[in-house]
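The block underneath contains the structure these notes are about, expressed in structure tokens.
Laboratory data are not the source of any read-out in this text; all were calculated from the coordinates shown. As the structure is a prediction and not an experimental result, all values here were calculated from the model.
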Amino acid sequence: MRRKEDAVYLDEFAAAARSHLSFQFQLVCTDRDGLLAAEEALTGRAASDVWVDMCGPPPMTAALAKGLARAGVSPACVRWEQFDIR
């Protein structure tokens, strides 16, 4: 997302991360962080231990999925929902 103010359900994601130690939530805002790359998403994690759920526009999710595959994340462990602005 572009700005933190655009994020929804932040409290719920934070609560889930506190309740489930294997769940890590990472909010990336392009105005502050730039575009997310697979290497950044995997920092400190073994590719074999990662499940990724992502949501975003098709070019972003396709690029991130390709990067995750190159980094060794199984395609079966990557799920996404794509949306596009009309």
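A few remarks follow.
- Seen through its C-alpha gyration tensor, with square-root eigenvalues sorted a ≥ b ≥ c, segment 46-86 comes out prolate because a/c lies at 1.5 or above while a/b is bigger than b/c.
- Counting Cα-Cα pairs of the chain in 10 Å increments starting at 0 gives whole-percent bin shares of 15, 48, 34, 2.
- Long-range amide H partners of M54 with built H, under 5 Å: R79, W80, E81
- Considering helices alone, the calculated mean residue ellipticity of the chain at 222 nm is -9500 deg cm²/dmol, with DSSP H runs of length four and up weighted by -39500 (n - 2.57) and normalised per residue.
- With contacts taken as Cα pairs under 8 Å at a separation of at least 6 residues, the chain carries a relative contact order of 25 percent.
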